[in-house]
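Below: the structure, in structure tokens.
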Amino acid sequence: MSQRKADYVDDVDVDDDWDSQPTDDELAETVENLEASGFDVEVVADAEAALDVLVDEIPAGASVMNGHSTTLEEVGFDDYLNEGEHDWENLAADIWSIDDDEERDAARREAQTADYFLGSVNGIAQDGTLVAADLSGSRVGAYPFAAKNLLLVAGVNKIVEDVEAARERLHEYAYEFENQRAQDAYGVESAPAKELVYRQEGTEGRTTVVLVEETLGY
């Protein structure tokens, strides 16, 4: 079942200012700096348009893997991957069909090198730096190098002034929600144990950032 940030709002005590929308000038500056840092950028109006971009980016026959992302769920990608009409190799479905823990872990590692790996980030600095983290590294492990192509989708509410603020947003806001989600889903606490500060993409066309002009994810 898809999960949304709204599912946890009543259980999490956070500063809502971390979900503020950027001004038009701040958004334009962020896009310009992301592109200068080697990221391709698509700015779309809403979740439906974001899903269209993601689907259009992935060619038939590609292997597809996604790290957990509430934003991906909110734009409908998880449902599309599992139920929509496409000719992709759904690595996540293959992985979770494996009963043996050791085999499944090995498959999860191999899936980091998917043709297309999808996820999100927890903060975007206006200078074009992306910040993300997870407990195991099964999400951010693919971001720097392993995946052949990377598609990252984020609401513009994740844009903040600088890297320090992006990391603060991660620790003080996003992971309050993620910790609650982990307890609900797995019965364990989470932690931003493996944190990535992604300043530049050196391979042309490898990483696309889809910015949605809505409040999405955490």
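The values are calculated or read from the model by the stated rules, or taken from the named source; none is laboratory data. Source: prediction; values computed, not measured. Cβ coordinates were reconstructed from backbone atoms using ideal geometry, including for glycine residues, and neighbour counts include every protein chain displayed.
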Asp100, sole failed condition from (1) surrounded by fewer than 16 Cβ atoms within 10 Å (Cβ to Cβ); (2) modelled with pLDDT under 95; (3) not hydroxyl-bearing (Ser, Thr, Tyr): (2)
Failed condition for Ile58, given (1) of a type outside the set (Asp, Glu); (2) touching a helix residue (DSSP H, G or I) at 6+ places or on another chain (Cβ under 9 Å); (3) closer than 16 Å to Val210 by Cβ, with all others met? (2)
Single residue of Ala166, Ala132, Ala174 found to be at pLDDT below 95 and surrounded by 20 or more Cβ atoms within 10 Å (Cβ to Cβ): Ala174
Just for segment 18-27: of the residues that are assigned to a helix (DSSP H, G or I) and touching a strand residue (DSSP E or B) at 6+ places or on another chain (Cβ under 9 Å), which one is nearest to Glu201 (Cα to Cα)? Leu27
Quick one: Ala166 ticks every box in (1) in contact with a strand residue (DSSP E or B) (Cβ under 6 Å, 6 or more places away or on another chain); (2) of a type outside the set (D, E, K, R); (3) part of a loop (DSSP other than H, G, I, E, B); (4) over 17 Å from His68 (Cβ atoms) bar one, so which box is it? (3)
Condition met for Leu216 (touching a residue at least 12 places away in the same chain (Cβ under 8 Å) and touching a Leu at 6+ places or on another chain (Cβ under 9 Å)): no
For residues that are touching a Ser or Thr at 6+ places or on another chain (Cβ under 8 Å) and not in a helix (DSSP H, G or I), tally how many sit in segment 171-210. 7
Answer with yes or no whether Gly123 is within 24 Å of Ala45 (Cα to Cα), modelled with pLDDT under 95 and under 12 Å from the mean Cα position of the chain (by Cα). no
For segment 32-84: of the residues being at pLDDT below 95 and not charged (D, E, K, R), which is nearest to Tyr116 (Cα to Cα)? Gly67
